[in-house]
Amino acid sequence: MSRPGSDAMYITGWRITRYDYNGEVSEEVSESNKVDIFVPSGWTCPERATLPSYQSCQMYTTDGKIRSDVQPANGLPTSPLRLNFAGALVGEVQRTLAGAYSEVNIEFTGYSSNNEPVVVKAQPVLSRAYKAGN
């Protein structure tokens, strides 16, 4: 979701900038993976509940004046992007009979509703797998 008062944005790609798999670190930046996610702006308005999730509040009246009933607020959550970094750990636990972990730094890229470039970093994304029993 977006921060209060921020523009809407389109996330068009993501890439891994750092990957630590059980202590083996790679800082080679991956190729960009394509996605198409709209993140509504960080504004709320009286009609917010009836607007589709892909639409932001209208900031201006029909005569071009700023609406006083539109206020900064957290944007609405987007549909989740499901990335599975934990899945690779299962095979490692079975192979080594010990716990495993990964730490991934991800960079999401796109552009704002004002056509400005956007980079959002998620770091670290942690995954852990534990061996239970024999």
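The values are calculated or read from the model by the stated rules, or taken from the named source; none is laboratory data. Everything numeric in this text was worked out from a predicted model, so none of it was measured. Note: ideal-geometry Cβ built from the backbone for every residue, glycine included; neighbour counts use all protein chains shown. SASA here: full protein model, heavy atoms, side chains in, ligands and nucleic acids out. Shrake-Rupley method; radii C 1.70, N 1.55, O 1.52, S 1.80 Å.
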*Residues with amide H under 5 Å of Leu51's amide H, sequence separation 5 or more or different chain, H placed in the peptide plane at 1.01 Å from N; which?*
none
*Taking only DSSP H segments of four or more residues, each worth -39500 (n - 2.57), what value at 222 nm results for the chain once the sum is divided by all its residues, to the nearest 500 deg cm²/dmol?*
-2000 deg cm²/dmol
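With a cut-off of at most 16 other beta carbons within 10 Å, and DSSP calling the residue loop, which trypsin sites (Lys or Arg not before Pro) in the stretch 42-132 qualify? Please list them. Don't skip to the answer; put the middle values down first.
Numbers: sites: Arg48, Lys65, Arg67, Arg82, Arg95, Lys121, Arg128, Lys131; in loops: Lys65, Arg67, Arg82, Lys131.
In loop regions of the stretch 42-132 (DSSP not H, G, I, E or B), the sparsely surrounded trypsin sites (Lys or Arg not before Pro) are Lys65, Arg67, Arg82, Lys131.
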*Counting only protein heavy atoms, what percent of the accessible surface of the chain is carbon or sulfur at a 1.4 Å probe?*
50 percent
*the chain - accessible surface per residue (Å², probe 1.4 Å)*: 67 Å²
*For Thr12 and Val93, calculate 0.36 nm times their separation in residues minus their Cα-Cα distance, and state this gained length in nm to one decimal.*
25.8 nm
_Neighbourhood charge, 13 Å Cβ-Cβ cut-off, centred on Gln123 and excluding it, Lys, Arg +1 and Asp, Glu -1_ = -1
*Would you mind pulling out the separation of the Cα centroids of the stretch 1-52 and the stretch 82-134, in Å?*
15 Å
*Could you work out how far helix 87-96 tilts from the main Cα principal axis of the chain, as a 0 to 90 degree angle to the nearest 10?*
10 degrees
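Please find the FRET efficiency linking Thr62 to Met1, where r is the Cβ-Cβ separation and R0 is fixed at 35 Å, and quote it to the nearest 0.05. It would help to have the intermediate numbers written out before the result.
On the way: r = 28 Å, r/R0 = 0.81.
Efficiency, rounded to the nearest 0.05: 0.80.
Find, among the GluC sites (Glu not before Pro) in the stretch 18-97, those assigned to loop by DSSP (not H, G, I, E, B) with at most 15 other beta-carbon atoms within 10 angstrom. Please list the in-between numbers first.
Working: sites: Glu24, Glu27, Glu28, Glu31, Glu47, Glu92; in loops: Glu27, Glu28, Glu31, Glu47.
Hits after loop and neighbour filter: Glu27, Glu28, Glu31, Glu47.
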